């Protein structure tokens with residue numbers, strides 16, 4: 001039952017072949033059986049999940065149910081959930097029970113889906129391996145000595161091990177796509193502004209975007225339908241109609257122009273990963289696409305630019321964690337200064353502190369022009385060159401990550417080495433473009449991911465391209481043997 | 001330039017963080033490595049480039065000046081570490 005697509009589950013529910021309560025119990029049992037090993041969930045919401053499932057069964061019985069009614073899912077623990085702990089994988093918010101729901105949570109609940117629980121992640125979404133979580137690292141279901149990627153590592157592991165049919169993630173520099181690549185999932189980071197950020201705990205506000213992490217493109221399209229849309233409570237939300245993302249899944253790829261940036265295939269890319277990507281590209285040629293080599297010469301600026309913009313914004317966003325209104329508070333503070341300093345120092349982990357300090361430094365008096373202004377200018381260069389490329393090609397393809405999943409602990413002592421895990425994904429966040437990762441094969445038994453980057457609001461096209469590829473390949477159907 | 005221990009302590013103070021004496025050297029090393037990475041931006045010629053604040057060059061939306069939020073003080077304060085008579089408590093700041 002856990003290897004079925006959302007459409008298959010929906011059909012079973014609507015035909016009465018299974019109830020939502022049964023389905024929900026099935027996944028709760030799987031979480032019970034496997035979560036100790038994987039650490040994919042921070043909170044499991046058994047009681048509320050079963051209550052939501054019972055309500056879904058009522059709707060199914062009354063024929064008022066929608067396509068997603070009664071299907072279980074999991075939320076990354078960055079989305080505020082009313083009455084449920086929302087920790088962001090930080091000691092700072094270990095006891096934080098949100099007084100309200102994020103818009104994404106509200107919309108998915110309104111579609112009738114059942115929330116199984118909240119998934120593990122890097123602390124405040126800062127990391128590429130899920131090792132900065134206060135609740136410990138998540139293990140990759142394909143090899144439990146390896147990382148699942150990050151920051152949405154818990155969502156990735158949960159879906160890969162089929163502890164949940166689908167999950168939400170967020171992506172600031174690759175946090176949906178890189179773990180999707182490392183865990184053999186289909187993950188989509190939409191255009192900036194497509195999905196509301198209201199109630200999604202902010203890391204870098206100009207880069208953060210939520211999206212689905214799924215077993216296949218059709219599932220991702222279904223969740224996109226439920227998640228997307230304008231929200232007046234998010235000032236950067238875009239007022240633009242949401243298409244039915246499932247309607248265009250089967251469109252022909254005849255004549256599709258694919259650009260391959262030579263900078264995405266250079267030094268640092270594992271040759272075995274490169275080989276799987278090249279094979280995948282050939283598949284698209286068979287489907288009628290044409291291939292063109294392009295150049296994005298400012299690609300090398302993306303990681304340096306990101307490590308100014310993201311820390312600057314995070315240092316500002318995380319200033320709200322001060323031990324006064326919510327979250328961790330130090331005991332017996334001497335004075336106000338001591339209250340702030342000790343609450344924050346006790347509540348934040350090392351990577352979060354590093355990024356807050358970098359952000360504080362680059363924004364401090366006298367350094368603004370050299371760092372922040374320069375970074376915003378570099379951001380324009382990166383964005384402009386994508387637009388030039390889109391004059392010649394419809395989509396851009398390349399690897400999602402330079403390697404397959406690395407070993408736990410391999411990069412924890414070297415922040416900069418960890419940052420380079422996102423070398424191919426960061427540019428799209430800086431430009432605000434949609435990007436996707438889809439399973440593209442295996443290298444020594446570990447999954448690889450093909451990245452597809454589109455122009456603004458081309459999510460439907462990306463899902464269509466992914467779906468057509470998944471009609472003629474079966475990489476996305478592979479599940480780790482231990483969790484089959 | 002390179003950050004020394006006292007720079008790190010100053011930045012930590014600005015960020016309202018305390019770094020244990022024993023960890024300051026490690027933070028200095030890591031922050032310098034990150035800043036070295038960041039310095040690679042210097043190679044780009046950006047003299048004529050306007051900074052990009054938003055990918056879609058969006059403008060701030062306006063809304064009618066009407067009340068949309070309702071008083072939820074009790075709910076919000078129920079998760080606060082320390083409150084009294086409807087206010088948040090902090091250590092005394094005025095003698």
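All of the numbers you see were taken from the coordinates with simple rules; none came from a lab. Keep in mind it's a predicted model, so treat the numbers as computed, not measured. We place every Cβ from the backbone using ideal geometry, glycine too, and count neighbours over all the protein chains shown.
Using the Kirkwood radius over C-alpha pairs as Rh, can you work out the diffusion coefficient of the range A:239-358 via Stokes-Einstein at 20 °C, viscosity 1.002 mPa s, in µm² per second?
Approximately 110 µm²/s, per Stokes-Einstein.
Quick one, what does Rg over Rh come out to for the range A:300-373 if you take C-alpha atoms and the Kirkwood Rh?
Using only Cα positions, Rg/Rh for the range A:300-373 is 1.07.
Have a look at the range A:420-484 and give its Rg and Dmax from the Cα atoms, expressed in angstrom.
Calculated on Cα positions, Rg and Dmax stand at 13.6, 39 Å.
Helix B:24-38 against the longest principal axis of chain B: what's the angle in degrees, Cα atoms only, rounded to the nearest 10?
So the helix axis and the longest Cα principal axis differ by about 70 degrees.
Compute the orientation-averaged projected area for the range A:151-191 from the convex hull of its Cα atoms and round it to one decimal in nm².
Hull-based average projected area comes out at 2.5 nm².
On average over all directions, what projected area in square nanometres does the range A:354-438 have, based on the convex hull of its Cα atoms?
Mean projected area of the Cα convex hull: 7.2 nm².
Take the Cα coordinates of the range A:157-288, assign each an equal point scatterer, and use the Debye formula without solvent to give log10 I(q)/I(0) at q = 0.09, 0.18, 0.19, 0.21 Å⁻¹.
-0.32, -1.19, -1.26, -1.34
So if each residue of separation counts as 0.36 nm, and I subtract the Cα-Cα distance between residue A:48 and residue A:325, what length gain in nm does that give?
97.0 nm
Can you order the peptides B:42-52, A:407-417 by their average number of other Cβ atoms within 10 Å per residue, highest first?
A:407-417, B:42-52
Report, in degrees rounded to the nearest 10, the 0 to 90 angle that the Cα long axis of helix B:5-14 makes with the longest principal axis of chain B.
Taking Cα atoms only, the helix is inclined about 30 degrees.
Can you give the average number of partner chain beta-carbon atoms within 10 Å of each beta-carbon in peptide A:357-365, as a whole number?
Mean shielding count: 5.
Could you give me D for the range A:1-150, from Stokes-Einstein at 37 °C and 0.692 mPa s, where the hydrodynamic radius is the Kirkwood radius over C-alpha pairs? Units µm² s⁻¹, please.
Rounded, D is 206 µm²/s.
Within the range A:116-147, list the residues whose amide N lies under 11 Å from a label point set 7 Å along Cα→Cβ of residue A:85.
Residues A:118, A:135 qualify, since their backbone N sits under 11 Å from the label point.
Ranked from highest to lowest mean number of other Cβ atoms within 10 Å per residue, what is the order of the peptides A:336-346, A:108-118, A:284-294, A:442-452?
Ranked by mean Cβ neighbours within 10 Å, highest first: A:108-118, A:442-452, A:336-346, A:284-294.
Looking at the protein assembly as shown only, what percent of DSSP beta bridges run antiparallel? Nearest 5 please.
Of the beta bridges lying entirely in the protein assembly as shown, close to 70 percent run antiparallel.
Hey, got the average number of other protein chain Cβ atoms within 10 angstrom for residues in A:293-305?
That works out to 2 on average.
At 222 nm, what value in deg cm²/dmol follows for chain A if DSSP H runs of at least 4 each add -39500 (n - 2.57) and the sum is divided by all its residues, to the nearest 500?
-11500 deg cm²/dmol
Over chain A, what is the relative contact order in whole percent, taking alpha-carbon pairs under 8 Å and six or more residues apart?
18
Would you calculate the volume per residue, in Å³, of the smallest convex hull containing every Cα atom of the protein assembly as shown?
Spread over its residues, the Cα hull of the protein assembly as shown gives 162 Å³ apiece.
What percentages, rounded to whole numbers, describe P(r) for chain B computed over all alpha carbon pairs with 10 Å bin width beginning at zero?
Going out from 0 Å in 10 Å bins, chain B shows 11, 18, 19, 27, 22, 3 percent.
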